[in-house]
Amino acid sequence: MILIYLIVILLAGAFFAWITGKRNPVWPRIISLSALSIDLILIILYVLQSLPSNKDWLIDLRLDWIPAFGISLHLALDGLSLVMLILTFFLGIISVIISWKEIDSKVGFFHFNLLLILAGITGVFLSLDLFLFYFFWELMLVPMYFLIGIWGHKNRLAASNKFFLYTQASGLLMFISIIALYFVHGHATGSYTFDYLQLLGTSMPSSTAMLIMLGFLAAFLVKLPVVPLHNWLPDAHTEAPTAGSLILAALLLKTGAYGLLRFIVPLFPSESVTFAPIGMLLGVAGILYGAKLAFAQTDLKRLVAYTSVSHMGFVILGVFSFNELAYQGVVIQMISHGISTGALFVLVGQLYERIHTRDINKMGGLWEKVPVMGAMGLIFSMASLGLPGLGNFIAELLILIGAFKANILMSCLASLGLIAATIYSLRIVQKVFLGNKNTEWKMNDLTLREKVVSASLVIAIVWLGLFPNPVLNTAKPALLKTLKNQKEITFQNLVNKTNNAYLTLSTQPFLTTKDTKKVPSTQSYNFNSLCSLRNP
Amino acid sequence: MTEKDFLCLTPFLIIAIAPVVIMIVISILRNYRVVYGFSVVSLLIAFCSIFFILPSLPHTIEPLLIIDIYSMFFLGIIFISALLVTFLSYDYIKQLEGVREEYYIIIFTSTLGASLLAVANHFVIFFLGIETLSISLYILIAFQRTKSNSIEAGIKYLILASVSSAFLLFGMALIYTAFGSMQFSVITAALVSHDPLSPLVIAGFGMMMVGIGFKLALVPFHMWTPDVYQGAPAPVSAYIATVSKGAVMAILIRFFFIIRGFNNHYLFIAISAISILSMFVGNILAIRQKNIKRLLGYSSIANMGYLIIILLTGSNKGIQASIFYLISYFITTLGAFGVITLLSTNEYEAEKIEDFKGLFWKRPWIAIVFTLSLLSLAGIPVTAGFIAKFYIILEGMKAGLMFLIISMIINSVIGLYYYLRIITMLFSTASDAKLPELSLIGNISLSFIGISILILGIYPGWLIDIIVKFVNL
């Protein structure tokens, strides 16, 4: 039941924030803060007492919703969703704190929308019923549309329209795929259901599966975003208010990655392997293209937005590598990108509050005025470029090693992205904080509230960089579950490609002292070790 | 006629007697409130009488009427919509110059016509129902006799409706020639041998489709829709958009399933073409509209395009999907037009999109109901419209109508664009225009509509179970 409480607390908080907003603008902020903190504490407490566990799902809840269609309210938590939920609530709290002074009009309605988005994201990470998943997927959209459209910057209407239309169109394609999967499963087994666990392993002809997978992919690729479907991202991120950009970059994009891990790979094991080369190519394209465009921007927020495109390219590269190392890299990348890019957006917001411009040509030499902000900017730019000791390094390292096993060329090209990341990250620091002063600004350094926010983000990213193991261990069972079918398939392919003779040899037990006669030849020994290298 | 016949006719008797009583009351005492209260009470009694006669169903009154649960669903929807339109029109009609109370008489006669369509088993009742409905609508549309818009809309509707009724009648005559009887049950019996339909029947149905397509505002019979929706008084637009379409849909579904038109190749192509054209024309032409009533008119063309897909599924489940869709569509349309009605006065009709600028900051509750209605029309989750669209997509995919479903999806995205434009206008910074005060009845009906949209969007199971259990044609 705790899973429902998590969502209901957010919804109740949203409702109360709205109605108290008219009396006093402080109330909605306090209510949202408390709702999110309660959720964070609940999830940490509840799960700390049940970890470590070998169960497939830490918490599993299933209620009937529309039995006529086989739709149920199926929520479940495993290691992957747990990690994402903690990120969600943590960054939700941060976003409320940073909007404390920035949003001063229609505060109640702002926090209503904010909490609704977070409730939608929570639902996306928890739902195991495909219809419910789509329901929450769409629930994230409308409040975000309002968030950008009402409290955004100059071109907000065009940005929010583009965001909505892109995401809705791709979401509808996913909807058709969900219904197609429902029918295919129903025809094959006779039971019509939207439940994820029952839809796993549906046997369907490969062409149908490919079409359905492409439908799902459409939604996740737009959300991630993957070049060339990324057009909505720079506009939406730039025109959104700071809290909106934070939630967009840090959380909404991760729902796309989560969808890939949770739905594409387990539901379509062989078709995703077929798509993998294209997926990795798109990932590499995103990394390099995003980095190139980031370097060219003069609007600081747009620059950071393009770095999101670049970093998310690593995610799709890792997802289509199909090994555990890469997947662990993907999880860490999701979290650390959320924290570091979120922190960069916070920084831009803090800067905008002071100087009311995002044009880096007007900045420069700000370190003297705002040393603390400069230090934060330096730390998060280092995180963005992948400095060891901070979370992003672990992520990119793991992804590149994992991708190397799958496709050498792509991982080499992706490594170039590290150089590109260095270029744009250093450009941020150099153009904004160091270098010549282009304009004389009068500004105050970070207030206590802002220092608390930045400090907690710094602690998070450093902790993730130095001690990633708790996160890795939490997510591991979930990732292994994702790869369960995958391993069999790739091993199967591997085995089928080689001689049948090797098949018998490779399944031989290890050499024992009794079997001195059956010394395997050096060739098969190499094959054995080759197998163990390819499937750790 | 037996006693059971009269029992089953109770709703119709109430709806038929009520206008006569109102006429007498008006001649004695012309008081708006009394007439209004009486109409509301009569409609409520008529609605409750549906539940009263449920145990006696199904019942056929040879040879004209068939009263079964399918028709009771439609009767229920029609009465509730008429009731909601009456609620919403209280203030609007009160401010009308000239005669006011006769409005309610005409509402009853048109509701009677619509109800007859739901129980028709014979071409005569089909035609009687449509004509009663149409003639009452001529009067209702032109009710604001001092406004040229209204009279122009009325004349357009009069001429086009008469022409299309002529086609309808000719089509009925052709089918009569083919089968030798005008009674639906006889036609069903004649078709039981699964013979392919003769060209005479196809031609007859094609001509009937002109008349039916006009009433449902399907392409290419849709030209009257934006002008009439704009010119008619706002509650009357609400009435046309809901009751008249729902009633004609009832008879169309019944008749199409009787002649099993979905098996026939030519009819299949014809209905698919009409559906796809309606979807695209409705949505594309709505994009540039600046007048909300016209925009809602075009969007209703598109919505009927989505609904016609159901005819081609050829299964009972399709009919169940269409009933759910109609319920959701009725509530949604009444919500949208209700907001327009409540914000209009006799001098100034709130029909331009600019009139709604910043409505959320001045009258938040109405703006929320309007937003919910628009999101429901667009098919966003949490609203009833999403579940309805999902149901149609489900049944459509089950029947293999992939091309139509894909067009529906594309059109949903196109539709989203102009709905978002209105929603954005609702939330932009407020202008200084004065808005009329809202009546209690209007507020309550809008609240009811808003809450129903949400409830049907989040927990539609109960309604779907009822529909699935009882509706079987």
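A few remarks follow.
- Residue satisfying all of: in region A:404-424; free of Cβ contacts under 8 Å to residues at least 60 places away in the same chain and not β-branched (Val, Ile, Thr); surrounded by the most Cβ atoms within 10 Å (Cβ to Cβ) among these: A:Phe404
- Filter pass, B:Met402 being without any contact (Cβ under 8 Å) to a residue 60 or more places away in the chain, surrounded by fewer than 21 Cβ atoms within 10 Å (Cβ to Cβ) and out of contact with any Gly (no Cβ under 7 Å at 6 or more places or on another chain): yes
- Enumeration of residues in region B:196-220 that are surrounded by fewer than 22 Cβ atoms within 10 Å (Cβ to Cβ) and under 16 Å from B:Phe262 (Cα atoms): B:Pro196, B:Leu197, B:Ser198, B:Pro199, B:Ile202, B:Ala203, B:Gly206
- From B:Ile451, B:Ile422, residue being surrounded by fewer than 15 Cβ atoms within 10 Å (Cβ to Cβ), part of a helix (DSSP H, G or I) and not charged (D, E, K, R): B:Ile451
- First in region A:368-385 and farther than 26 Å from A:Met334 by Cβ, second anywhere and assigned to a helix (DSSP H, G or I), Cβ under 7 Å, 6 or more apart: A:Val372/A:Lys451; A:Met373/A:Leu347; A:Met373/A:Gln350; A:Gly374/A:Phe433
- Filter result for A:Leu77 (more than 14 Å from every other protein chain (Cβ to nearest Cβ), modelled with pLDDT of 90 or more and more than 30 Å from A:Gln350 (Cα to Cα)): no
- Among the residues of region A:218-241, the ones that are within 14 Å of the chain's Cα centre (by Cα) and farther than 20 Å from A:Val142 by Cβ come to 3 in all.
- For region A:213-325, the helices (runs of 4 or more DSSP H) that sit wholly inside it and include 2 or more residues that are acidic (Asp, Glu) and either at positive phi or touching a Lys or Arg at 6+ places or on another chain (Cβ under 9 Å) (or both) are A:232-239.
- Residues considered: B:Val99, B:Val85. Of these, the only one that is out of contact with any helix residue (DSSP H, G or I) (no Cβ under 7 Å at 6 or more places or on another chain), over 29 Å from B:Phe167 (Cα atoms) and of a type in the set (A, V, I, L, M) is B:Val99.
- Yes/no for B:Ser150 being polar (S, T, N, Q), modelled with pLDDT under 95, out of contact with any helix residue (DSSP H, G or I) (no Cβ under 7 Å at 6 or more places or on another chain) and in a helix (DSSP H, G or I): no
- Set B:Ser447, B:Ser428, B:Ser439, B:Ser452: member being touching a residue at least 24 places away in the same chain (Cβ under 8 Å) and over 26 Å from B:Pro235 (Cβ atoms): B:Ser428
- All positions within region B:1-26 that are within 30 Å of B:Glu62 (Cβ to Cβ) and either among the β-branched types (Val, Ile, Thr) or outside any helix (DSSP H, G or I) (or both): B:Met1, B:Thr2, B:Leu9, B:Thr10, B:Ile14, B:Ile15, B:Ile17, B:Val20, B:Val21
- A:Ala17 meets all of the listed conditions (1) closer than 22 Å to A:Ile97 by Cβ; (2) surrounded by fewer than 20 Cβ atoms within 10 Å (Cβ to Cβ); (3) away from chain B (no Cβ under 14 Å) but one, namely (2).
- The number of residues in region A:379-403 that are part of a helix (DSSP H, G or I) and surrounded by fewer than 19 Cβ atoms within 10 Å (Cβ to Cβ) comes to 2.
- Condition met for B:Leu64 (more than 16 Å from B:Leu252 (Cα to Cα) and at pLDDT 90 or above): no
- In region B:365-384, the residues that are within 13 Å of chain A (Cβ to nearest Cβ) form Cβ pairs under 8 Å with partners that are of a type in the set (A, V, I, L, M) and assigned to a loop (DSSP other than H, G, I, E, B), at six or more places apart or across chains, as follows: B:Leu375/B:Val382.
- Members of region B:339-367 found to be within 24 Å of B:Gln144 (Cβ to Cβ) and part of a loop (DSSP other than H, G, I, E, B), listed by number: B:Leu343, B:Ser344, B:Thr345, B:Asn346, B:Glu347, B:Tyr348, B:Glu349, B:Ala350, B:Glu351
- Only one of the listed residues (A:Leu172, A:Leu200) is facing another protein chain (nearest Cβ under 8 Å) and either over 26 Å from the mean Cα position of the chain (by Cα) or not small (Gly, Ala, Ser) (or both). That residue is A:Leu172.
- Unique residue being in contact (Cβ under 8 Å) with a residue 40 or more places away in the chain, surrounded by fewer than 23 Cβ atoms within 10 Å (Cβ to Cβ) and touching a helix residue (DSSP H, G or I) at 6+ places or on another chain (Cβ under 8 Å) when the list is A:Thr193, A:Thr208, A:Thr167: A:Thr193
- Qualifying residue in region B:176-195 (condition: within 26 Å of the chain's Cα centre (by Cα) and surrounded by fewer than 16 Cβ atoms within 10 Å (Cβ to Cβ)): yes
- Among the candidates B:Ile212, B:Ile139, residue that is under 18 Å from B:Phe255 (Cα atoms), touching a residue at least 12 places away in the same chain (Cβ under 8 Å), in contact with a helix residue (DSSP H, G or I) (Cβ under 7 Å, 6 or more places away or on another chain) and not polar (S, T, N, Q): B:Ile212
- Members of region A:21-68 found to be within 14 Å of another protein chain (Cβ to nearest Cβ) and under 14 Å from A:Leu3 (Cα atoms), listed by number: A:Leu63
- Only a single criterion out of (1) buried (at least 16 other Cβ atoms within 10 Å of the Cβ); (2) within 29 Å of A:Arg358 (Cα to Cα); (3) of a type outside the set (D, E, K, R) is not satisfied by A:Thr482, namely (2).
- Long-range neighbours under 9 Å by Cβ, at least six apart or interchain, first residue more than 10 Å from chain B (Cβ to nearest Cβ) within region A:131-143, second of a type in the set (Lys, Arg): A:Phe133/A:Arg262
Residues checked against (1) closer than 25 Å to B:Ile175 by Cα; (2) among the charged types (D, E, K, R); (3) touching an Asp or Glu at 6+ places or on another chain (Cβ under 9 Å):
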| position | (1), (2), (3) |
| --- | --- |
| B:Tyr266 | yes, no, no |
| B:Arg288 | no, yes, no |
| B:Lys317 | no, yes, yes |
| B:Thr333 | no, no, no |
| B:Ala350 | no, no, no |
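- Of the helices (runs of 4 or more DSSP H) lying entirely inside region B:27-128, those containing at least 2 residues that are without any contact (Cβ under 8 Å) to a residue 12 or more places away in the chain span B:32-53.
Conditions tested, residue by residue: (1) more than 9 Å from chain A (Cβ to nearest Cβ); (2) charged (D, E, K, R); (3) over 21 Å from B:Pro460 (Cα atoms).
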{"site": "B:Phe390", "(1), (2), (3)": "no, no, no"}
{"site": "B:Gly396", "(1), (2), (3)": "yes, no, no"}
{"site": "B:Gly400", "(1), (2), (3)": "yes, no, yes"}
{"site": "B:Leu404", "(1), (2), (3)": "yes, no, yes"}
{"site": "B:Asn411", "(1), (2), (3)": "yes, no, yes"}
{"site": "B:Leu416", "(1), (2), (3)": "no, no, yes"}
{"site": "B:Arg421", "(1), (2), (3)": "no, yes, yes"}
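The values are calculated or read from the model by the stated rules, or taken from the named source; none is laboratory data. Note that the structure is predicted; figures quoted are calculated from it, not measured. Glycine gets a Cβ as well: all are built from the backbone with ideal geometry, and neighbour counts include every protein chain shown.
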